[in-house]
Amino acid sequence: MLIPLYGFLRGDTIGLVILAQDTDTIREVGAKLQEAASVRVAPVSAVDVRYRGRLLDPERTVAESGLEALERVDVSPREAT
Amino acid sequence: MLKREEWLDLARKLDWNYSYVEAKDVFPETLSGTPWLPHSDWKAWDEPYRTSFAEYAHNQHAKELSVQSVREAVGRIEDFQALDPSWVNALKLHSATLPLAEFAAVIGNLRAARFGRDSAWRTTANFGALDELRHTQIPLLLMHDLVRWDPQFDWTHRFFHTNNWVAIAGRHLIDELLLGANPIEFAVATNFVFETGFTNLQFVGLSSLARGAGDRMFEKMVGSIQTDEARHSQIGPAVLKILVQKDPAYAQFLLDKWFWRTWLFFAVVTGFAMDYLTPLKHRTQSFKEFMEEWVLDQFQKTLLEYGLRKPWYWNQFLEALEVYHHMVYASAYTYRATVWFDFALPGPEERAWLREKYPRSWPQLDPVWERVTERWRKSGPGVEWYTHGATPVTFCDLCQLVLCGGTPERNTAQTLVREGKKYIFCSEPCRWIFEQEPARYASHKDLVKRILAGEAPANLIDLVTRYFSLTQGTWGKDVAGGAYAWLREPSGARAAP
């Protein structure tokens, strides 16, 4: 099932619509947003995806992460641990 | 013979008591506005111009002759062809957003000419309506001939009749500001906030920019329009003065609401022109400097004079002044085929100038332009798609503009769930405005929701051609097609400092 999300990539100037599937992993969501914004922001190898300030597990799916249509997610380059 | 001062008020300020009907029947609150006050409270209403109809006709005739003579001298196609291509695109942006918005202002003024609560107010609003009709006709006339040269000028008339995303945002603002507002809200929102606060002074700035760019026709047009604006905008302070006495909380609310709403559109139209589309050699100051010098000081003094506070989001506004139009320009550049004018790619010298003018925000924005520049280098001239986005962008459920609030580091988009529906806003003030009058805005679908509902196509090409009414000949491109001399130099050879 299609779950359109509002995606905000750190470094970008605009929010984009991510057309995610409920079976997509969070990693794939991050990759989709990076690809969509790649005209303005160079993609990086690893990103963090946050929802309401909570860091999402990249291996879990959109459905498992509790994301519903038209939620805001924030994507940023993975911070060094 | 009577002296002017002895007869003037018989012609412009003549009220009487009603004997067959109640004043509330003549001026119903839904049409005249809130608060509904007895006429004795409006009796002192006045404005400084105190023009008679004969004087109005005489003065306007002289202005028309003046515009006409400039048009005959420098208004030919070849005069426009001699202008810098970037500046021509500033013209296209202004030409599209200006005339039919002015026509909507005719309606707003005519409503005040009938339902304004004092006769002097109604007289001035009548002149205001005639002014705005003139402001509709002048750009329609001047730009019409240019369609033969460049079909993008067709959008001077076409813009507000389309579902282009900028037009949706424009109509959302204009419908409420000019068509739907009662005379009290119209006076505060349009005459005081928008005209006194922004456009009256903007026209002075634009006129000066046009002179620098060698565009005598545009200089004359906006200069001539400004003289009308200066007069009819005086309705605003005169209404506000009474409103503040009778209902200060409502006066403050209208100020807070309309300053933000009009600022966003103003920033896009004027910020683009001043900081990107005016050739660097003709720029005398940045958009931010212009705002600080011409708008902010004056506006803050006026607020103090009327006992009003600065809007509650003033600090957010000052932040936005640093960055908002840059966020939108960079975004729109990479979606330029969705609009009707072309964009200039800021080169090393322009980026150095922007860094100097915006030292706090530009370091976050420059990497975006570096990325776009690198892609142009890689693709070579003419390959527009390689520096163009393909994914749908997001829109604010209040202003209907793109979600470009905040900075590249922190976008200020805000979400809201109301009665089971989800909304998103570009900023806290947009969300606040929505929450004050949700019934007014809740049913309006932003473009993303239209796409999701199947009312607009999701595919970008279909969206641009079928929904936005653009064609390959009219959609926006890079003004030089990526063929900039500096792009041929090795990467980093002239990097911005």
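For this structure, a couple of remarks:
- Accessible surface ranking that places the most exposed of B:466, B:71, A:40, B:360 first, with a 1.4 angstrom probe: B:466, B:360, B:71, A:40
- Rounded to the nearest 20 debye, dipole of chain B from Cβ charges on Lys, Arg, Asp, Glu: 640 debye
- Cα gyration tensor shape for the stretch B:391-497, rounded if a/c is under 1.5, else prolate or oblate: oblate
- Selection from B:234, B:391, B:51, by position along the positive dipole direction of the protein assembly as shown (Cβ): B:391
- Chain B: angle of helix B:235-246 to the longest principal axis, Cα-based, in degrees nearest 10: 70 degrees
- Average other protein chain Cβ within 10 Å of Cβ, residues A:68-74: 4
- Total formal charge among the other residues, if their Cβ is under 13 angstrom from that of residue B:90, Lys/Arg +1 and Asp/Glu -1: -3
- Take each residue in A:37-47, count the other chain C-beta atoms within 10 Å of its C-beta, and the mean is 4.
- Counting only protein heavy atoms and a 1.4 Å probe, the protein assembly as shown has 40 square angstrom of accessible area per residue.
- About its Cα centre, the dipole of the stretch B:8-158 is roughly 180 debye, where the only charges are +1 on Lys and Arg Cβ and -1 on Asp and Glu Cβ.
- Candidates A:70, A:56, A:33, ranked by Gaussian network fluctuation over chain A, Cα under 10 Å, top entry: A:70
- For chain B, the longest principal axis of the Cα atoms and the long axis of helix B:85-97 meet at an angle of about 40 degrees.
- For the stretch B:277-283, backbone phi angles converted through the Karplus equation (6.51, -1.76, 1.60; θ = phi - 60°) give residue-by-residue couplings of 9, 7, x, 3, 5, 9, 7 Hz, Gly and Pro being listed as x.
- Residue B:41 sits among other residues whose Cβ lies under 9 Å from its own Cβ, and their net charge, with Lys and Arg +1 and Asp and Glu -1, is +3.
- Excluding the site residues themselves, the longest part of chain B lacking any GluC sites (Glu not before Pro) in a DSSP loop with at most 12 other Cβ atoms within 10 Å is B:23-408.
- For residue B:427, residues with placed amide H under 5 Å, excluding near neighbours: B:414
- Overall form of the stretch B:118-160 per C-alpha gyration tensor (a/c, 1.5; a/b vs b/c): prolate
- Between helix B:348-357 and chain B: long-axis angle, C-alpha atoms, 0 to 90°, nearest 10: 40 degrees
- Charge context of residue B:201, other residues only, Cβ under 11 angstrom, K/R +1, D/E -1: -4
- Close amide H pairs (under 5 Å, H built 1.01 Å from N) link residue A:3 with A:20, A:21, A:22, residues at least 5 positions away or on another chain.
- Partner shielding of B:405-416 amounts to 4, given as the average count of beta-carbon atoms from other chains within 10 Å of each residue beta-carbon.
- For the stretch B:336-452, the tally of Lys pairs with Cα-Cα distances below 20 Å comes to 4, considering only residues 8 or more apart or on different chains.
- Our coupling estimate for the stretch B:17-29, obtained by passing each phi through the Karplus curve with A = 6.51, B = -1.76, C = 1.60 and θ = phi - 60°, is 8, 8, 10, 9, 9, 8, 4, 5, 7, 6, 10, x, 4 Hz, Gly and Pro reported as x.
- Gyration tensor (alpha-carbon) shape descriptor, chain B, a/c threshold 1.5: prolate
- Cα-centre dipole for the stretch B:364-483 with unit charges at Cβ (Lys and Arg positive, Asp and Glu negative), debye to 20: 240 debye
- Amide H within-cut-off set for residue B:478, under 5 Å, with H built and near neighbours excluded: B:343
- Accessible-area composition of the stretch B:185-267, carbon plus sulfur, in percent [1.4 Å probe]: 52 percent
- When a 1.4 Å probe is rolled over the protein heavy atoms, the share of accessible surface on the stretch A:30-81 that falls to carbon and sulfur comes to 51 percent.
- For the stretch B:58-74, the Karplus equation 6.51 cos²θ - 1.76 cosθ + 1.60, evaluated at θ = phi - 60°, returns couplings of 5, 5, 5, 4, 4, 5, 4, 4, 5, 5, 4, 5, 5, 4, 5, 7, 9 Hz by residue, with Gly and Pro reported as x.
The values are calculated or read from the model by the stated rules, or taken from the named source; none is laboratory data. Small disclaimer: the values here were computed from a predicted structure and weren't measured. Heads up, the Cβs are rebuilt from the backbone with ideal geometry, glycines too, and the neighbour counts pull from every protein chain shown. Ligands, DNA and RNA are excluded from the accessible area calculation, which covers all protein heavy atoms including side chains. Shrake-Rupley method; radii C 1.70, N 1.55, O 1.52, S 1.80 Å.
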